[in-house]
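Student: I have a structure I would like to understand better, so I am pasting it below and will then ask my questions one at a time.
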Amino acid sequence: MKFMENFKKGTPLLILALLMICPFVFSSPYLLHIFILIFIWSYVTTVWSYMGRFGIISLGHGAFFGIGVYTTALLFNLYNVSPWLGMLAGGLAAATIAVILGYSCFKFGVIGHYFAIATLVLAEIITLVIIALRDTLETGGKLGLTVRSLGTSPLFFQFENKLIFYYLTLALLGLALLIWKKIDDSKVQRALKAVGEDEEAALSLGIDVVKYKTTMFAVSAFMTALGGTAYIQFTMFADPTTCTGVGLSLGIVFKAIIGGMFTLWGPTIGSALIVVLEEYTRLALGSAFVSYSQIIYGLLIIILIRFLPGGLYGTFSDLFRQKRKREVQVLLSGRQAADPYK
Amino acid sequence: MLILNAVINGLLFGGVLALMAFGMNLMFGVVQIVHLAYGQFIMVGLYLVYLLTVLYHVPLLLSCVLAIIAIALLSVLCYYSVVKPLLKAPPINQLLALAGLWIVLENACLAFFGATYKGVQVVLPVLHVGEIYIAASNLIGFGVGLITLGLLYLFLNKTYTGVAIRAVAQDTEVSGVMGINSRTIYLITFVVGGALAGVTAACFVPVYAVHPHFGSAFTLLAFIIVILGGMGNLIGGFIGAFIIGVVTSIGSTLLNPEIGQIIALLICLLIIILRPQGLLGVRART
Amino acid sequence: MLELSNVTKNFGGLCVLKRVSFTLGEGEFVGLIGPNGSGKTTLFNIIAGSLHPDGGKVTFSGRDITGFPPNKICRLGIARTFQIPRPIKTMSVVENVMLGIFFGRKNSTDASRSSREVRQEAFEYLNLTGLQVDEWTMPHELTAAALRRLELARALATKPQLLLVDEFMSGLNASEVLEASAILKRIRREKKITIIWIEHVMESLMNLVERVIVLNYGELIAEGKPAEISKDKRVIEVYLGEDL
């Protein structure tokens, strides 16, 4: 038992250590590339799940990612601002928008699928803004934009060596997971769990619903934008379809659902699966067939929602609960309640 | 003059938009789901017309009719495979499953037709009265839209099935007590909604060359209109369609197409937050 | 300490509360009765901030709290239970009570205490309401009576000065009603807080409370000592056929 506990605690560290030495075992740049993509999307999906796991489903995180990407790229291309500062600026811009939208939504009780729809609209607005600014800010519109290359310039967040991106994005993912743990241990987790289940009961216990939800939304948006910066500095190219918008937003949500948004490693597993699936179809069938992988994962989503409505985690935790089989003690006189939840 | 032109063309275009929004609205009102993949149905319809006319040389009108039937069938398939199993699930699950369908349809079209614009060459004249220029395509869309909506009005008010649909939209439980099988009504609603998507696609044939990403644009457009008029409020949606038609038309004439859409979306966002029952809606009882 | 003046509430065209006014003194134990649909729970919702009145004022400890959000009102010292218990189902019974300690108190230093300490305190509240559970008991394992006690424990955990109890005894059998009375008495004795209590089990209510307020169709029709109320003509009319 003790060993199992230690093993459970040690696993994340072990995985991390393995990932740290991975690049020394294989040196294929292609594999490095895949790993970096997995890290970035795992990071973004994990950060999205900060909210998602408490039932605050945002379909607009593509917007925050896009804000990170374009703020960084434009500040650098037009004003020569270092992407390190651009990263901060993008994060703050995303957080500001999240606070404005989140506060007004939560204050007026826009929750559940109405909130999802509101964020979906935000995703579309940001995409259109980027396209509309094709000339004024040289975003390149639908054709996309390329970041001015400086070769390797640490001060300007540009590295030709993929290894650096490997460790940087791994660190980002580690940070996201660490913050997840911190949230788990904090009272924020308790508050949001209660809010996610019964907002009125939570309010009656003194939980400031609007504050907690808005804060979590802002943190999630801020961190998503940081992921956008890492992505653009790595790929050096951005266009509205891959870097922002509804499609990307749905992609993030789906990765979380597939892996399970309620568990620490769920988002990472989901992202790894999808990235590998996409890369596999690209390699096996050629890049014209990437859409086949998307069809598969769209179908996967429908099947998952249909057959495991509680999400993967819900299903597994139910199994776990049955295993526990604790004696149900009814300590009060009288009968068992006739299932008060039905 | 420019503005007057924009207003008139916007109003005419509003006829098609009303048709498009009506389908989504009907499904929300009756089945209580937000049909996120509705625009994708229209897109598939456009591709079908392209496939039939250009590749198989079927006459245009016949291929439009075939496309309408095909989309209605696709809608039935969607009902049985995605919607029906989730009728009792939380709304957010329904929304996400339909988003899954969105991804499937969009990428299926991308896989089969590629990422280039595909269109049927229909040459229609531009009519002009004095200094006002009216695209015939808009006029046709307007006509077809109004005629279809008129027929729908008769269907919903004069036939037994139509009245039953309205009864279910009002109150599923009570109508169940009165002996209406809501599942059958849901199925009929999906047939009608699918056919409407098909008709909308037919109206769009002379206007758009289609691209896989159009589906999401259609979905969002229908969505904005439905929210503007109040979800499930059919009359509200009808008026909302003309408002959006004019706003986007003026926006794109004076500024550029994106600005028009951004304004429409911002209005939509404000309505979600401040008046979730829609501009014309009455606040719900709860 | 609590003062309602001319509180009015309409739902659509229906007037649910009509200019209701009353005051509550420090440490009082007041019963709120009235037939179904007379506006009792609506009144609670207004005091607790879940609903905002269309007219009138609610004052608590000299402060106008009309229109405050429920979470703020809770932290000012008014706790409530729900008529139909609303535990957080995914949290254990103890964790439910811990929520009240962490978030519901005026003193925010409580929020930074360690979970272990807070858990210990939560168990004290559960004991106070006579609910014996272990650390892992989930709400779905509880009986209806026990769920009501959980509601009470969770509300008490916020250290309120004023406690709103919405039906503590409905659906309980005779021996459970006796236990429930004993619990309320004990809370009164140990915590010395002000309580307003909605109840349909008249007998227990009349035996326990010091003062009764009667609502009918949203209007306050009588107010006074239990003995007076049970003789009041208007009240008897309202409850015609029921045994007071």
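Where a number appears in this text, it was derived from the coordinates with a stated rule and is not lab data. Just so it is clear, the structure is predicted and the values come from calculations on it, not from any experiment. Positions of Cβ are generated from backbone atoms using ideal geometry, with glycine treated the same way; all protein chains shown enter the neighbour counts.
Student: Summing Lys, Arg as +1 and Asp, Glu as -1, what charge do residues with Cβ under 9 Å from the Cβ of C:Glu210 carry, C:Glu210 excluded?
Tutor: Numbers: positive: C:Arg211, C:Lys225; negative: C:Glu28.
Spelling it out: positives minus negatives among the neighbours equals +1.
Student: Can you grab the distance from the C-alpha centre of segment B:144-169 to the C-alpha centre of segment A:268-301, Å, no decimals?
Tutor: 43
Student: Average projected area of the Cα convex hull of segment C:1-118, in nm²?
Tutor: Details: hull surface 35.9 nm².
It is 9.0 nm².
Student: Given R₀ = 22 Å, FRET efficiency for B:Arg183-B:Ile147 by Cβ-Cβ distance, to 0.05?
Tutor: 0.15
Student: Moving on. Check every DSSP H run in chain B and write down those whose alpha carbon atoms cover 20 angstrom or more along the long axis and whose mean Kyte-Doolittle hydropathy is 1.0 or greater. Kindly include the intermediate steps, with their values, before the conclusion.
Tutor: Working: long enough: B:2-31 (42 Å, 1.98); B:60-78 (26 Å, 3.02); B:91-113 (33 Å, 1.50); B:136-158 (32 Å, 1.39); B:182-204 (32 Å, 1.50); B:214-229 (23 Å, 2.42); B:234-254 (30 Å, 1.95); B:257-274 (26 Å, 2.54).
For chain B, where a helix must reach 20 Å along its axis and average at least 1.0, the hits are B:2-31, B:60-78, B:91-113, B:136-158, B:182-204, B:214-229, B:234-254, B:257-274.
Student: Go through A:His61, A:Leu203, A:Pro23 and say which Cα lies farthest out towards the positive end of the charge dipole of chain A; charges sit on Cβ, +1 for Lys and Arg, -1 for Asp and Glu.
Tutor: Final value for the positive-end residue is A:Leu203.
Student: Oh, and also: Only counting other Cβ atoms within 10 Å, I'd like C:Ile229, B:Ile3 sorted with the fewest neighbours first.
Tutor: Numbers: C:Ile229 23, B:Ile3 12.
Final ranking by Cβ density, sparse to dense: B:Ile3, C:Ile229.
Student: Per residue, what volume in Å³ does the convex hull of the Cα atoms of the protein assembly as shown enclose? Spell out each step's value before the answer.
Tutor: Values: hull volume 171.8 nm³, N = 872.
In the protein assembly as shown, the Cα convex hull volume per residue is 197 Å³.
Student: Can you sort C:Arg116, A:Arg306, C:Arg186, C:Arg149 from fewest to most other Cβ atoms within 10 Å of each residue's own Cβ? Before the final figure, lay out each step's value.
Tutor: Numbers: C:Arg116 8, A:Arg306 17, C:Arg186 13, C:Arg149 26.
Placing the least packed residue first, the sequence is C:Arg116, C:Arg186, A:Arg306, C:Arg149.
Student: Report the equivalent ellipsoid semi-axes for segment C:103-244 in whole Å, largest first, defined as the square roots of five times the eigenvalues of the gyration tensor built from alpha carbon atoms. Write out the running numbers ahead of the final one.
Tutor: On the way: eigenvalues 216, 63, 29 Å².
Taking √(5λ) for each eigenvalue gives 33, 18, 12 Å, largest first.
Student: Can I ask one more? Quick one, can you get me the convex hull of the C-alpha atoms of chain B expressed as volume per residue in Å³? Numbers along the way, then the final one.
Tutor: On the way: hull volume 38.4 nm³, N = 286.
Considering the Cα atoms of chain B, their hull volume per residue is 134 Å³.
Student: Right, next: For segment B:168-283, would you read off the P(r) tail past 17 Å as a percentage of all alpha carbon pairs? Write out the running numbers ahead of the final one.
Tutor: Numbers: 4396 of 6670 pairs.
Cα-Cα pairs of segment B:168-283 separated by over 17 Å account for 66 percent.
Student: Which helices pass in chain A if a helix is a full DSSP H run, must span at least 27 angstrom along its long axis by Cα, and must have mean Kyte-Doolittle hydropathy not below -1.0? Could the numbers behind the result be given before it?
Tutor: On the way: long enough: A:2-25 (33 Å, 1.07); A:29-52 (34 Å, 1.31); A:83-107 (34 Å, 1.35); A:112-132 (30 Å, 2.02); A:162-185 (34 Å, 1.12); A:209-235 (39 Å, 0.79); A:266-285 (28 Å, 0.94).
Those that clear 27 Å and a mean of -1.0 are A:2-25, A:29-52, A:83-107, A:112-132, A:162-185, A:209-235, A:266-285.
Student: Subtracting the Cα-Cα distance from 0.36 nm times the residue separation, let me have the gained length for C:Ser21 to C:Arg234 in nm, one decimal.
Tutor: Details: separation 213, 0.36 × 213 = 76.68 nm, distance 1.80 nm.
Here the answer is 74.9 nm.
Student: Determine the distance separating the Cα centre of segment C:35-100 from the Cα centre of segment A:201-225; give it in Å without decimals.
Tutor: 21
Student: Where q = 0.06, 0.16 Å⁻¹, what log10 of I(q)/I(0) comes from the Debye formula for chain A, counting one point per Cα?
Tutor: Result of the Debye calculation: -0.24, -1.54.
Student: Here's something else I'd like to know. Short version: what are the Cα gyration tensor semi-axes of segment C:52-152, square root of 5 times each eigenvalue, largest first, in whole Å?
Tutor: Values: eigenvalues 152, 62, 22 Å².
Semi-axes from the Cα gyration tensor: 28, 18, 11 Å.
Student: Treating only the Cβ of Lys, Arg, Asp and Glu as charged (+1, +1, -1, -1), what charge dipole size does segment C:1-115 show about its Cα centre? Round to the nearest 20 debye.
Tutor: Values: 14 positive and 7 negative charges, 43 e Å.
Roughly 200 debye, rounded to the nearest 20.
Student: What percent does the relative contact order of segment B:2-274 come to when contacts are Cα pairs within less than 8 Å and at least six residues apart?
Tutor: Working: 408 pairs, mean separation 112.3, N = 273.
It rounds to 41 percent for segment B:2-274.
Student: Once fully extended, how much extra length lies between B:Phe155 and B:His128, figured as 0.36 nm per residue of separation less the alpha-carbon to alpha-carbon distance? Each step should come with its number before you reach the end.
Tutor: On the way: separation 27, 0.36 × 27 = 9.72 nm, distance 3.54 nm.
Net length gain for the segment: 6.2 nm.
Student: Here's something else I'd like to know. Alpha carbon centre of segment A:119-153 versus segment B:175-253: separation in Å?
Tutor: With segment A:119-153 and segment B:175-253 each reduced to a Cα centre, they are spaced 30 Å.
Student: Output the direction-averaged projected area (hull surface divided by four) of the convex hull of the alpha-carbon atoms of segment C:55-94, in nm². List each step's numbers first, then the result.
Tutor: Details: hull surface 17.1 nm².
Average of the hull's projected areas for segment C:55-94 equals 4.3 nm².
Student: Only bridges with both residues in the protein assembly as shown count here: give the DSSP antiparallel percent, nearest 5.
Tutor: On the way: 27 of 43 bridges.
Expressed as a percentage, antiparallel bridges in the protein assembly as shown total about 65.
Student: Got a sec? How would B:Ser75, C:Ser38 order by Cβ neighbour count within 10 Å, fewest to most? Write down the numbers at each step before the final one.
Tutor: Numbers: B:Ser75 27, C:Ser38 22.
Listing B:Ser75, C:Ser38 from fewest to most nearby Cβ atoms yields C:Ser38, B:Ser75.
Student: Taking amide hydrogens as modeled 1.01 Å from N in the peptide plane, which residues meet the under 5 Å criterion relative to B:Gly232, leaving out close sequence neighbours?
Tutor: B:Gly29
Student: Here is a follow-up. Go through A:Lys193/C:Lys192; A:Lys182/C:Lys89; A:Lys193/C:Lys72; A:Lys142/B:Lys88 and tell me which ones have a Cα-Cα distance over 29 Å in this structure.
Tutor: Values: A:Lys193/C:Lys192 32 Å; A:Lys182/C:Lys89 23 Å; A:Lys193/C:Lys72 19 Å; A:Lys142/B:Lys88 40 Å.
Beyond 29 Å: A:Lys193/C:Lys192; A:Lys142/B:Lys88.
Student: For chain C, would you read off the P(r) tail past 22 Å as a percentage of all alpha carbon pairs?
Tutor: On the way: 15810 of 29646 pairs.
In whole percent, the share of Cα-Cα pairs in chain C beyond 22 Å is 53.
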